[in-house]
Every structure is written in structure tokens, then in C-alpha cells.
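To start, the structure itself, in C-alpha cells.
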Amino acid sequence: QLDPFYASIILFVGRAWDAITDPMVGFFISKTPWTRFGRLMPWIIFSTPFAVISYFLVWFVPDISRGQVMWYLVFYCVFQTLVTCFHVPYSALTMFISREQSERDSATAYRMTVEVLGTVLGTAIQGQIVGKVVTPCIQSPLFISETNASASMRDVNMTHYTGSLKDTRNAYMVAAGVIGGLYVLCAIILSVGVREKRESSELQSDEPVSFFRGLKLVMNHGAYIKLITGFLFTSLAFMLLEGNFALFCTYTLGFRNEFQNILLAIMLSATLTIPFWQWFLTRFGKKTAVYVGISSAVPFLIVVVVLDSNLIVTYVVAVAAGISVAAAFLLPWSMLPDVIDDFKLQHPDSRGHEAIFFSFYVFFTKFTSGVSLGISTLSLDFAGYQTRGCSQPSEVNFTLKMLVSAVPVGLILLGLLLFKLYPIDEEKRRENKKALQDLREESNSSSESDNTELASIV
């Protein structure tokens, strides 16, 4: 029952807070000493219980007349911080279980397949538990001026649907409890089943590097900036599509009872096609996979808006969108280790920045999610969106068409144009791999000669 404006403020402030915590957590991880659990795993283990508690409180409705905005703002920021303490080391594990590019690519494909599958599972759990609560829509009352419409709708909500709101709140709490339990279970499986290889990790540098010096080195690396800039726009496009597709199906297309199944079709399609994109990038290269995979959604996004409402066409578009979502999920994480290898070659004497690379990548992923939610909420609020209304004004339907078609298509095209500047193609990747291998062999031979000299002296 918060005003959409305050919801947008909470999302924007939370993402701004992420801009501080993500690189800071990455820096602190890079300075963490080695333990018997590794360097990354303690962050995952100790952040999990607190993250689950804060997640549960995000969905809790406090019985206070004032201060709800501050409640959600505080716990949203706390949850984002704790998720950073989990997600940054979890993502960076890819670099520290193997040095081989092919093995890291394979690990990334497995990780993203299960991550998308987890999104499907979360969508299903949240949708089914909350969806079982019958929440009747509200007919727009007659003889109410537009300026007082939102206030009147809020009064109707509070007076006539108090029981329904209570059931909905309880359903969200149950869903939060179930998902929190899954969070703990997955963290246990991760901590028991994965071990960092000490010889693979290069988190500790020979000389201590200050936070700002390390940050400057990372953010001055051209390949990294071009990669995250291109995917910033394409990720924002798909976040807008996913975030507004349910409302688009409900009000613009008229499929009120089908939108949960349509969202599941998107995510299942994404899950099943990640192995295909892993094969595609191995066969044709990662840059080619980016162009083909992400641009394939454009014609379908145009079709779903241009054609009349049709359930079969909507499902086809959902499956096609899922195929592109799979490419958008997999390729950024598959290409990031290549950027780090390129950085190591350009700065051979400056090591231990891998966690900072991943922390900024995690930040941009969460940043696009927050920006898309903020844009959607403010746009719909300005268009006159009526919460739980049986129908919406024509301005809202037009806004939804823009948010799921025109704006994502424009962002995808802009992101692909920017991505042409990304310098690491397959030839460059092979050159980097050979150069790194030569450096390691040179380092090993130098270490062996030093040991031999020391032995002779003794």
C-alpha cells in the first residue's frame, strides 16, 4: 500500500547504496587471508543467515502508521549488502577453481544454467503461493475526478478489501520463508561441495594495493569498460521486458489468468537453451554469440505489440524472449574471465584484483534491475496506473507497450552498437591464453632455478 513514488525512491537509494558496497566488498575480499575454508567461502557462509533474515523482513508489513518507507529502505539496503557479500565471492569462484579458459567457460555455463533454473523456481514458488490468494480487482468508481482517483482507490482498498490484503500479506510471508529456506540449503551445498584451489587463486598481491589504486587500475582497463557498458544497456532491456511482461499480459493483452505461465515459459526457455549458447560460443566465438543471441529477440518484441491479442503468438514471443535471455545471462559472465586475463597481461606486476572486477559486474547487474524497476514504477504512476484495477486507462496500456517493446528494442540496438568496440575476439583470446601460459612457465622455471641455487648454497 505504499505510493509508487516511494517505492521508486527505495529502489533507487538501494542501488545507490550498492554502488558503495559492491566495490568495497570486492576490495575487502581481495585482502582476506587464506583460511582452511579458503578466502571466498567464509564470506558466503557467514553472510547467509543474516541475508535470509533481512530478506524475510523485506516482505514483512510492520504494524506502524508511519515509518514504513524507512523500514523498507533500511532492510532493502541491508539485504542488498548481504547479497553482495554472497554474490561477489560466489561469482569470483569461477576464477579460482581452474586456470584453463575452457574449464572456466564450462563452469560458467553450468552455473548460469542452474542460476536461471533457480529464477524459474523462485518465479514458480512466489507466483503459486501468492497467486492462490484470491485478490479481486477493483472497478474504477464513477464520478471521481482524475486528480482524486488514486486517493479514492486507496480508500477503497483499505475499507473493502482488508481481509484480502491480510491474506496476501501472509502469502508473501510464506513465500519468503520457503525461498529463504532454499537460500540456506543452496549455501550449504555450495560450501560443502566446492573447494578453492590455492594455486589457482591469485587474490593476494606481492605488494599491498590501496583500494583507490586498485579501483583506478580496474576502471581504466578499456576492454572491461566496453564490456560492461554494452551489457549495461542490453541487460536493462531484458529487465524492463521481464519486469513489465506480467502487467502487459494482464491489461494490454487481456490474459489475466495466463501471465504466470507465460513468465514460466520465458524462464524455462532460457534454462533449456543455455547449453545451446555454450556450444554456439565455443563453435563461432563469443562476440558472434552476442550479436546473434541478443538481437534475435527484436523481431518478436515488435510482433507482440503490432499484432492483435493472441495467446499462441504471446507464448511464441515468450519462448523467443527466453532464448535471448539465456544469451544475455550466460555471455557476460563467460566473457569476464577473458577480460581479467587481458588485464593480467597488461599489468603483470599488479595482481589480486579479480574480486574487484567481479564486484563491479555484480553491481551493474543489480543496478540495471533497480533502474528498470524504478523506470517502470514511475512511468506507470505518471500514466495513471490504478493498483489492482480491473482495467487501466489507455495511457497505461500505451506505456506498457513502450516498456516491453520500443524501449527494450532501442536499448538492445544501442548495446550491440557499443559492443562493437569490445576488443577481445577469438583470435585475441587465443593470443592471451598462450601469453599467460608462457608467463606461468617462465615463472615456474624461475622458481625452480631459485630453489636449486638455494639448495646448492645450503
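The values are calculated or read from the model by the stated rules, or taken from the named source; none is laboratory data. Treat the numbers as computed from the prediction; the structure is a model and nothing was measured. Using ideal geometry, Cβ is built from the backbone for each residue, glycine included, and neighbour counts are taken over all protein chains shown. When the accessible area is computed, the model is the full protein with side chains, heavy atoms only, and any ligands, DNA or RNA have been set aside. Shrake-Rupley method; radii C 1.70, N 1.55, O 1.52, S 1.80 Å.
Confirm whether Val325 is open to solvent by less than 40 Å² (accessible area, probe 1.4 Å) and either hydrophobic (A, V, I, L, M, F, W, C) or more than 30 Å from Ile9 (Cβ to Cβ) (or both). Yes: the conditions hold for Val325. Once the stretch 416-437 is narrowed to residues that are open to solvent by less than 70 Å² (accessible area, probe 1.4 Å) and more than 30 Å from Thr234 (Cα to Cα), the residue that is modelled with the lowest pLDDT is Leu436. For Val339, the criteria (1) at pLDDT below 85; (2) in a helix (DSSP H, G or I); (3) within 21 Å of Gly222 (Cα to Cα) hold in every case but one, which is (1). If the condition is being assigned to a helix (DSSP H, G or I) and open to solvent by 10 Å² or more (accessible area, probe 1.4 Å), then the stretch 285-303 contributes Lys287, Thr288, Tyr291, Val292, Ser295, Val298, Pro299, Phe300, Ile302, Val303. At pLDDT below 65, over 30 Å from Thr365 (Cβ atoms), open to solvent by 50 Å² or more (accessible area, probe 1.4 Å) and not aromatic (Phe, Trp, Tyr), is that true of Met153? Taking the combined requirement at face value, the residue does not satisfy it. One residue alone among Ser98, Ser65, Ser91, Ser102 is more than 20 Å from the chain's Cα centre (by Cα), part of a helix (DSSP H, G or I), in the same structural domain as Ala19 (by the TED database) and modelled with pLDDT under 90, and that residue is Ser102. Candidates Ala7, Ala19: the one that is touching a residue at least 60 places away in the same chain (Cβ under 8 Å), under 18 Å from the mean Cα position of the chain (by Cα) and in a helix (DSSP H, G or I) is Ala19.
Those helices (runs of 4 or more DSSP H) of the stretch 179-284 in which 3 or more residues are at pLDDT 85 or above occupy 222-247, 259-284. For first residues located in the stretch 95-124 and more than 23 Å from Asp425 (Cα to Cα), partners that are among the small types (Gly, Ala, Ser) and open to solvent by 20 Å² or more (accessible area, probe 1.4 Å) and lie 6+ apart or on another chain with Cβ distances below 8 Å form the pairs Ile97/Ala107. Given Val313, Val317, Val339, Val306, which one is buried (at least 19 other Cβ atoms within 10 Å of the Cβ), over 17 Å from the mean Cα position of the chain (by Cα) and without any contact (Cβ under 8 Å) to a residue 24 or more places away in the chain? None of the others qualify; the one that does is Val317. Exactly one residue out of Ser405, Ser391 is open to solvent by less than 20 Å² (accessible area, probe 1.4 Å) and in the same structural domain as Ala297 (by the TED database): that is Ser405.
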